[in-house]
Amino acid sequence: MSLVLPGLMLLALGAALAWLRLDDEGRGRDLAISLALFALALLAKTSVVMVPPALAAVVLLRRGRLQPRDVARLAPYFALSLAAGLVTMWFQW
């Protein structure tokens, strides 16, 4: 069994948990940790591009709407996802 999938899941889960802690406590350090873990997960496999929409869904379930602060916090995740998707498309074309 390969260690890539469990490692990838741990990176994506760590990114999501750090983001949720950021959402609860508002510490900038959690944003940096979450973005770093998400970037590492993207480098391992681009299938984690679905983490930002999942985080947005969690915000919607918690609050009922996305606030401008949430959009600003999620923007780097969507940017990284877009970049990883474009790079993947480039190499698979």
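Relative to its residue count, the chain spans a Cα convex hull of 97 Å³ per residue. Which residue, G26, G64, G14, has the most motion in a Gaussian network model of the chain that connects Cα atoms within less than 10 Å? Among G26, G64, G14, the largest mean-square fluctuation in the Gaussian network model of the chain belongs to G64. Among L82, L17, L74, whose mean-square fluctuation peaks in a Gaussian network model of the chain (Cα, cutoff 10 Å)? Evaluated over the chain, the most mobile residue of the options is L82.
Comparing R27, R63, R73 in a Gaussian network model of the chain where C-alpha atoms under 10 Å apart are linked, the largest mean-square fluctuation is found at R63.
Note that the chain presents 65 Å² accessible area per residue, ligands and nucleic acids not counted, probe 1.4 Å.
Please sort through the DSSP H helices of the chain and keep those with an alpha-carbon extent of at least 20 Å along the long axis and a Kyte-Doolittle average not below 0.5.
Details: long enough: 4-25 (31 Å, 1.15); 28-44 (24 Å, 1.76); 68-92 (35 Å, 0.67).
Span-like helices in the chain: 4-25, 28-44, 68-92.
Ignoring ligands, DNA and RNA, what percent of the 1.4 Å accessible area of the chain is carbon and sulfur? With neighbouring chains kept in place, the figure for the chain is 73 percent.
The values are calculated or read from the model by the stated rules, or taken from the named source; none is laboratory data. Keep in mind that what you see is a predicted model, and the values were worked out from it rather than measured. Accessible surface is based on the protein model in full, side chains and every heavy atom, while ligands, DNA and RNA are left aside. Shrake-Rupley method; radii C 1.70, N 1.55, O 1.52, S 1.80 Å.
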